[in-house]
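*Asks:* Encoded as structure tokens, here's the structure I'll be asking about.
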Amino acid sequence: MRRIYLTLFLSLLGVACAVAAGVKSGSETTLVDSCGFFPQLSPDGQWVLYSPTDATSLMLKNLSSGAVTTVSKVGYPGFDAIFGPDGKVYYVTQQRKKNGLVYRTGHCYDPSTGRDQVVLKPQHGRVQALRAAAGVVINGERQIYRSAPNVGAWTYTRGSMLYLVDATGVTRALQPVKDSNGYLWSSLSPDGTKVMFEAASHGVVVCDLNGSVISELGEFLMPSWYNDHYIIAMSNAGNPRLAGSRIWLMSVDGETIKPISAKEERAVQPMTAAGKVVYSLLYSGEVRQLELDIRPADFVPAATGKGKVMKVKDPVSKKDVPRVFINPGHGGHDSDDRHVPTWVIGARDTLHYYESNSNLTKGLALEEILQNKGYETAISRRTNKTEDDLDLFEIVALAANSGADIFFSIHSNATGIEKRINFPLGLYRGWDGKPAVEGSLQLSEAVMKQAATNQLTVWTHDRRSRGDWSFYTNWGYQVGLGVLRFNKLPGMLSEGSFHDYLPERERLLNDNYCWLEAWNQSVGMDEYFGRKGKFKNGVIAGTIRWSDRYRQDDDRRLFGEDELKPLNGALLRLYNGRGVLSRIYTLDIYDNGVFVFTNLPKDKYKLELYYGNEDLYETVKVKSGKNNTVYRNLKLKTDQKPKKKK
Ligand SMILES: [Zn+2]
């Protein structure tokens with residue numbers, strides 16, 4: 001992870017008045033004092049819906065009486081609830097089954113009666129409550145609920161596709177812009193003639209119903225229609241840490257683009273209804289409201305008639321298999337990446353280690369391994385460009401949009417000081433031993449336990465699993481890691497090892513070593529999802545070092561076998577049980593001695609190495625199913641007499 005220092009002097013800043021053209025003078029009010037995230041104003045402007053920092057409850061405040069009601073405290077109902085045009089609250093809860101799969105349920109709550117009703121039965125994958133022209137759609141992958149027989153047109157996104165469903169139920173798939181890491185937050189204009197969405201790493205796009213781009217409004221997040229010509233969105237001023245986050249008003253034609261919230265407020269999560277704009281303050285969760293002196297969209301009456309559940313004819317997933325959202329850290333070789341130029345003796349050159357490179361190599365490897373194991377995956381980036389340095393809100397929204405069972409963020413660690421250590425660290429949202437989202441601790445333990453079995457590296461300490469609220473206590477109450485914040489998937493961030501330990505950095509320069517870390521992560525996930533042993537093929541991995549030659553680095557901070565000089569560029573042959581040469585592996589020249597043979601059927605293998613006058617033979621048995629990674633750290637002795645070949 002990046003080293004982040006948050007300014008925690010917010011209380012000292014004083015909030016300046018943000019009156020700007022478009023904002024009604026003196027209209028700023030506080031609706032909720034604290035812990036109100038993802039605020040939603042009712043269509044009549046009389047109610048506000050919000051969630052505390054961990055999504056564990058959904059709260060509703062009557063703005064006339066000031067009375068606060070808990071809508072639900074079961075199944076993480078917070079973060080993505082909405083109001084329908086009928087004034088009812090629609091929200092989705094999640095339940096994690098014993099096999100780790102997350103099932104989601106659609107609810108409807110009527111504030112006038114206090115009646116709560118399940119309207120869509122539990123199903124696996126993504127389930128989201130979305131606004132339609134005259135109603136609400138709870139969009140599941142298997143079944144869909146519509147709040148009335150004819151709710152009108154609606155839109156949703158999946159991956160880098162925009163879907164438009166017209167009033168007759170016909171769906172069209174559009175791709176108005178390419179080169180995006182995924183589309184988010186799509187919505188139809190109040191008059192139904194335009195559709196707006198945010199393309200991650202690209203920005204807010206408005207297009208017509210055929211997908212022809214009308215305007216591109218730049219890097220804003222969570223856009224919503226104020227009326228047919230004006231849009232409300234948030235920006236983070238290019239700062240992934242949200243330090244500059246503000247609420248903006250802009251016109252579809254791009255002529256008006258201006259902030260309407262004060263810079264010091266750090267405003268996030270805007271939405272608009274009844275001619276008002278509501279948003280939250282990033283740390284306190286205070287919910288604020290502004291009124292605009294612009295005519296709002298006409299009120300759309302809710303469609304009448306009984307709600308209806310429809311079956312999805314051709315679901316994307318035929319079976320309920322585990323789905324993993326992979327976040328290979330931050331992208332781009334920018335200043336926030338952790339770059340270390342490394343003098344590597346074997347390569348006789350300075351090699352440039354970037355955390356963003358090894359994170360991506362691990363992430364792409366994990367994606368492929370999981371798919372081979374029958375999992376479904378989604379991923380936040382596939383390349384390493386500046387545009388891949390996604391905003392944290394985008395990553396979290398992409399994960400939610402994927403309908404995944406777990407969120408998995410891949411990083412490596414650094415002490416930031418002179419001290420050298422090396423161990424795997426899993427971080428989950430919440431306090432130590434008390435994750436904010438159930439399942440996160442089990443996931444972290446399963447993955448870290450497996451990570452610690454890696455024998456190619458030298459661990460200086462035992463693995464750890466920590467809650468980020470406990471780990472980063474100096475960041476403020478329940479602040480924690482940005483990428484886990486506002487994320488209600490069971491999830492974790494893996495700090496696989498310490499890249500500022502020189503031999504480890506040299507190993508991380510090797511793609512196969514990164515692959516091995518991903519492989520171990522997948523085995524941890526197999527355990528989490530109760531699928532251990534389902535995948536039969538195994539791995540042989542190890543290092544080759546001299547038993548009597550030592551590293552000559554100036555940096556003598558070396559532990560255990562890392563004192564020994566690794567072999568560079570040697571050729572390793574793998575023979576199967578019938579004596580047939582099945583693989584050849586060439587060690588790299590980055591002073592790590594790493595070798596990895598992947599996807600091996602069960603068999604008795606023989607490893608063979610010739611290096612100058614020396615040679616090595618080793619027999620390795622790969623068993624089917626369980627414990628199917630076999631480690632061999634081999635040593636070569638100088639001027640060893642060649643053994644007799646059998
Ligand atoms: Zn990192």
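*Asks:* How do the pairs read when you match residues in region 521-537 that are farther than 14 Å from Glu368 by Cα with residues anywhere that are among the β-branched types (Val, Ile, Thr) and crowded, with 21+ Cβ neighbours inside 10 Å, using Cβ under 6 Å and keeping only pairs 6 or more apart or on different chains?
*Replies:* Taking only residues 6 or more apart or on different chains, the pairs are Gly524/Val447.
*Asks:* Across region 314-353, which residue is surrounded by the most Cβ atoms within 10 Å (Cβ to Cβ) among those that are touching a residue at least 24 places away in the same chain (Cβ under 8 Å) and among the aromatic types (Phe, Trp, Tyr)?
*Replies:* Ranking the candidates gives Phe325 first.
*Asks:* Then there's this: So Ser494 ticks every box in (1) more than 16 Å from the ligand (Cβ to nearest atom); (2) touching a His at 6+ places or on another chain (Cβ under 9 Å) but one. Which box is left unticked?
*Replies:* Only one criterion in (1) more than 16 Å from the ligand (Cβ to nearest atom); (2) touching a His at 6+ places or on another chain (Cβ under 9 Å) is unmet by Ser494, namely (1).
*Asks:* Being within 16 Å of the ligand (Cβ to nearest atom) and either outside the structural domain of His339 (by TED's automatic domain parsing) or not in a strand (DSSP E or B) (or both) is the filter here; which residues of region 424-446 pass it?
*Replies:* Pro424
*Asks:* Follow-up question, since we're still on this one. Can you name the residue in region 497-518 that is of a type in the set (A, V, I, L, M, F, W, C) and closer than 30 Å to Lys434 by Cβ and, of all such residues, is nearest to the ligand (Cβ to nearest atom)? Please lay out each step first, then the result.
*Replies:* Step one: filter region 497-518 for residues of a type in the set (A, V, I, L, M, F, W, C), giving 498, 502, 508-509, 514-516, 518.
When the remaining residues are screened for being closer than 30 Å to Lys434 by Cβ, the result is 498, 518.
Numbers: Phe498: 12, Ala518: 16 Å.
Within region 497-518, the match that is nearest to the ligand (Cβ to nearest atom) is Phe498.
*Asks:* Could you pull out the residue among Val205, Val195 that is more than 21 Å from Glu387 (Cβ to Cβ) and at pLDDT 95 or above?
*Replies:* Answer to the selection: Val195.
*Asks:* Sticking with this one: In the set Ile584, Ile589, which member is modelled with pLDDT of 95 or more and in contact with a strand residue (DSSP E or B) (Cβ under 7 Å, 6 or more places away or on another chain)? First the steps, then the outcome.
*Replies:* On the way: Ile589 fails: in contact with a strand residue (DSSP E or B) (Cβ under 7 Å, 6 or more places away or on another chain).
Ile584 is the lone residue from the list that is modelled with pLDDT of 95 or more and in contact with a strand residue (DSSP E or B) (Cβ under 7 Å, 6 or more places away or on another chain).
*Asks:* I've got another one for you. Could you list all residues from region 402-422 that are surrounded by fewer than 21 Cβ atoms within 10 Å (Cβ to Cβ), in contact (Cβ under 8 Å) with a residue 12 or more places away in the chain, away from the ligand (no atom under 16 Å from the Cβ) and not β-branched (Val, Ile, Thr)?
*Replies:* Arg420
*Asks:* For region 569-592, which positions are in contact with an Asp or Glu (Cβ under 6 Å, 6 or more places away or on another chain) and either among the aromatic types (Phe, Trp, Tyr) or outside the structural domain of Ile540 (by TED's automatic domain parsing) (or both)? Reasoning before the result, please.
*Replies:* Filtering region 569-592 down to residues in contact with an Asp or Glu (Cβ under 6 Å, 6 or more places away or on another chain) leaves 573, 576-577, 590-592.
Listed by number, the list holds a single entry, Tyr590.
*Asks:* Could you check region 281-380 for strands (runs of 3 or more DSSP E) lying wholly inside it with 2 or more residues that are basic (Lys, Arg) and away from the ligand (no atom under 16 Å from the Cβ)? Working first, answer last.
*Replies:* Details: elements: 287-291, 308-311, 323-327, 339-344, 349-354, 376-379.
So the answer is 308-311.
The values are calculated or read from the model by the stated rules, or taken from the named source; none is laboratory data. Nothing here was measured: the structure is a model prediction, and the numbers come from that model. For neighbour counting, all protein chains shown are included, and Cβ atoms are generated from backbone atoms with ideal geometry for every residue, glycine included.
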